[in-house]
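As structure tokens, the structure follows; a few thoughts come after it.
Values in this text are rule-based calculations from the coordinates and carry no lab data. Just so we're clear, the structure is a prediction, and the values are computed from it rather than from any experiment. As a convention, Cβ positions derive from the backbone with ideal geometry for all residues, glycine included, and neighbour counts pool all protein chains shown.
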Amino acid sequence: MFENITASEIAGYAVGALMLSATISAPKMDSFIASSQRSSMGMCKRCGDLKLIACSRCKGSGLIKEGGLFSLVPVVDQNPSRDGKSKSRSSCCSNCLAKGHFACPECSKIPSSQA
Ligand SMILES: [Zn+2]
Ligand SMILES: [Zn+2]
């Protein structure tokens with residue numbers, strides 16, 4: 001019964017199916033490649049392959065809020081700031097240079113094979 005379908009119809013279906021599958025499979029392929037890359041690389045233990053480590057001092061915000069927040073956040077280690085010159089209530093985190101994160105030292109050690 002397939003003899004009734006013309007070649008142009010078949011081509012049309014084929015192209016349609018191809019485009020559809022390409023559209024659907026594009027993000028899947030992306031995640032598939034990413035996951036396979038991760039497994040082959042063994043996934044960084046320190047950053048979980050994010051290549052970034054959140055600053056533990058400012059909790060990734062890049063700012064250290066002095067006062068006001070201590071009632072909400074349980075203070076585990078009350079390290080006195082080494083430089084007591086900061087008088088503003090929220091100062092830039094000197095630990096991460098107000099970025100809130102570091103480049104993962106473990107990942108930056110690996111020479112990037114992919115451009
Ligand atoms: Zn910080
Ligand atoms: Zn890492």
Open item on the list: Suppose the chain between residue 11 and residue 106 were pulled fully straight at 0.36 nm per residue; how much longer would it get relative to their current alpha carbon spacing?
Closed with: 29.1 nm
TODO: Please find the FRET efficiency linking residue 54 to residue 20, where r is the Cβ-Cβ separation and R0 is fixed at 25 Å, and quote it to the nearest 0.05.
DONE: 0.05
TODO: Could I have the simple spin-label model distance between residue 46 and residue 65, label points 7 Å from Cα toward Cβ, reported in nm to one decimal?
DONE: 2.9 nm
Open item on the list: Going by average Cβ density within 10 Å per residue, which order do the peptides 99-109, 9-19, 53-63 take, highest to lowest?
Closed with: 53-63, 99-109, 9-19
